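In what follows, a single structure is set out as structure tokens and then discussed.
Any read-out appearing in this document is the output of simple, stated calculations on the displayed coordinates, not a laboratory observation. All figures in this text were calculated on a predicted structure; none of them were measured in a lab. Using ideal geometry, Cβ is built from the backbone for each residue, glycine included, and neighbour counts are taken over all protein chains shown.
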Amino acid sequence: MQNKPDKSALKIQGGVEQPPNINPYLKPQKKKQIQEPEYFVDGILKQNLTILSQAITLVESQKPSHRSIARSIVEKCLPYAGNSVRIGITGVPGVGKSTFIEHFGQLIVEKNHRLAVLAVDPSSEKSKGSILGDKTRMESLSVHPNAFIRPSPSGCTLGGVARRTRESIILCEAAGFDVIMIETVGVGQSETVVNQMVDVFLLLMLAGSGDELQGIKRGIMEMADILIITKADGDNVQRCEKAAHQFKNALHYMPLPDSKWQPQVLTCSALTGAGLNQLWHLLEQYFQYVKTNQYFARRRNEQAKHWMHETIHDLINEEIFNRPEIKKLILQYEEDVLQNKISSIAAAELIFEHLISFLKSLKS
């Protein structure tokens with residue numbers, strides 16, 4: 001029986017061979033190697049801002065390998081640091097901290113100073129991400145050759161201060177910046193964190209909001225060395241003057257700080273520049289005063305001890321609580337707490353006892 005010719009209308013044509021998903025001509029990229037600490041230190045001392053930024057990135061990194069390199073960089077830069085004035089800036093939301101820094105910073109660099117701004121951006125509690133948009137809000141200052149602006153995510157650090165801001169200050173000072181500004185997220189009880197790393201604390205306030213004296217914590221007021229009423233321009237000038245008078249009266253009822261400097265109140269406008277020169281002269285008077293009575297050096301020494309203790313706490317958290325056996329132990333007790341088998345306080349005490357035993361086992 002002969003085969004009948006195929007009369008089907010369906011014809012299968014040979015397909016075109018598909019190109020590979022990966023470019024065959026693309027050579028595999030080698031993993032970028034991190035430079036030795038000497039490379040970063042040399043670049044920082046030569047005032048190379050690109051290398052300075054890279055070094056700060058290493059300082060902020062959570063990777064153990066990065067931390068060891070960053071620690072070495074900071075130690076090698078330490079002998080070249082300390083020759084600056086450190087200014088902390090905080091204020092209520094909407095007070096215009098970034099705008100103030102933009103215009104006040106322009107005045108500082110025009111006086112032949114080199115200014116570094118460490119601006120802390122609030123991190124999302126959900127995504128842990130930050131916009132890091134301070135450089136876009138400081139357009140003129142960010143391109144000035146004598147200015148360096150570094151936005152950093154606040155992460156989960158108390159007070160909204162970036163976890164490694166202290167070390168970033170040292171690197172900026174080694175790079176020749178003689179004025180360091182630290183812009184915080186905003187006003188809160190944890191602003192004491194900022195106060196422990198700066199020489200002078202500026203508090204920015206608004207007038208005419210109806211809460212000049214009630215909407216601010218007394219603890220923040222007591223930390224402020226200079227209180228500034230912003231946006232003193234146009235129809236708002238009289239309201240600002242009135243608010244300044246109220247704050248001056250309030251400050252007289254507070255005890256003098258350890259520096260014995262009487263906190264000052266002034267008004268300013270970033271829009272018109274009014275009061276900015278007066279603020280700079282006031283800062284010069286403050287630094288002359290605290291250096292003459294030795295408070296400046298004493299405060300720096302106290303801060304160095306404070307950050308040693310803070311670093312100890314950080315290292316304990318990193319070394320102990322990141323261990324798998326400790327994580328497993330905490331998860332077990334969390335389950336008992338959720339099932340009401342044990343109270344949260346009792347669970348914490350038992351975990352602490354396990355931690356002590358664990359540390360003793362490491363020693364032996």
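Brief remarks on what is shown
- Relative contact order computed over the stretch 34-80 (Cα-Cα under 8 Å; 6+ residues apart), in percent: 40
- Neighbour counts of C-beta atoms inside 10 Å place THR184, THR90, THR272 in the sequence THR272, THR90, THR184, starting with the fewest.
- Sorted by Cβ neighbour density within 10 Å, fewest at the top, the residues PHE148, PHE296: PHE296, PHE148
- From least to most packed, judged by other beta carbons within 10 angstrom and beginning with the fewest, MET308, MET181 follow the order MET308, MET181.
- Backbone geometry of the stretch 82-94 corresponds, through the Karplus equation with coefficients 6.51, -1.76 and 1.60 at θ = phi - 60°, to 3J(HN,Hα) couplings of x, 9, 9, 10, 10, 10, x, 10, 9, x, 5, x, x Hz, x marking Gly and Pro.
- When you filter the chymotrypsin sites (Phe, Trp or Tyr not before Pro) in the stretch 232-264 for DSSP loop state and at most 14 other Cβ atoms inside 10 Å of their Cβ, you are left with TYR253.
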